[in-house]
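Written out below as structure tokens is the structure these notes cover.
Rule-based calculations on the coordinates, nothing more; no lab input. What you are looking at is a predicted structure, and each value in this text was computed from that prediction instead of being measured. Reconstructed Cβ throughout: ideal geometry from the backbone, glycine too, with neighbour counts over all protein chains shown.
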Amino acid sequence: MGSRTSAPFPRAGATARETDRTFPALSTGVVSLYRGRDMDKHALVAQLVERLRETLRVAEQARDAAEEEAREGATPAEKREDARTALEFQSLAKGQAQRAARARTELATLDGFHPRPLERDEPVTLGAVVEVEHASGGFTILLAPVGAGEELAGPGGDGFLSVVTPASPIGRAVLGRRMGESFETRIGGELREWTITHVE
């Protein structure tokens with residue numbers, strides 16, 4: 001495979017300029033890498049679970065460090081002189097605790113997420129792997145209930161799939177559509193026409 005197969009897909013919230021910079025490296029040949037292969041969706045979900053577990057681990061470590069710093073990172077005199085420091089660490093700890101709680105909730109959701117293979121003529125449902133293209137490129141997504149913005153390795157490590165949820169513009173647009181259908185949606189403030197070129 002050429003080096004283009006490892007080009008990343010647009011990150012969540014990418015600007016139109018960032019999106020345009022990414023797509024030209026993804027020709028239809030790259031988008032078609034996955035066709036003709038058995039897509040192991042359970043392996044994709046397992047990858048997503050590992051990403052969320054890592055997010056949880058990092059958030060819990062950051063929360064613990066911030067809580068410790070808020071309690072012990074300054075002498076009583078320093079805390080009296082600059083109470084803002086302790087408040088800042090408390091706020092950081094709270095934010096990381098919320099991040100950890102969100103990761104736990106998402107992991108619990110994935111416990112019941114068992115996507116099945118779809119026939120090419122079936123409408124897109126939750127759990128579908130979908131290829132979408134526009135005039136100058138395209139990308140492949142896994143439509144999942146959680147994990148928006150994560151990137152998963154494709155079969156054999158070729159390329160990436162972007163995780164999107166039904167709450168995202170692309171996710172809302174493809175849900176219920178079939179291969180060959182086109183739609184318009186706005187990414188990074190730019191309206192574009194997309195075509196669904198593969199569903200499984």
For this session: Return the whole-Å distance between the Cα centroid of segment 88-130 and the Cα centroid of segment 43-62.
Result: 10 Å
For this session: Please say if segment 78-158 is rounded, prolate or oblate, where rounded means a/c under 1.5 for a ≥ b ≥ c the square roots of the C-alpha gyration tensor eigenvalues, and otherwise the choice is prolate for a/b larger than b/c and oblate otherwise?
Result: prolate
Exercise. Counting Lys +1, Arg +1, Asp -1, Glu -1, what net charge surrounds Glu67 among other residues with beta carbon under 12 Å of its beta carbon?
Worked result: -2
Exercise. So what's the net charge close to Arg53: Lys and Arg +1, Asp and Glu -1, counting the other residues with Cβ under 14 Å from its Cβ?
Worked result: -1
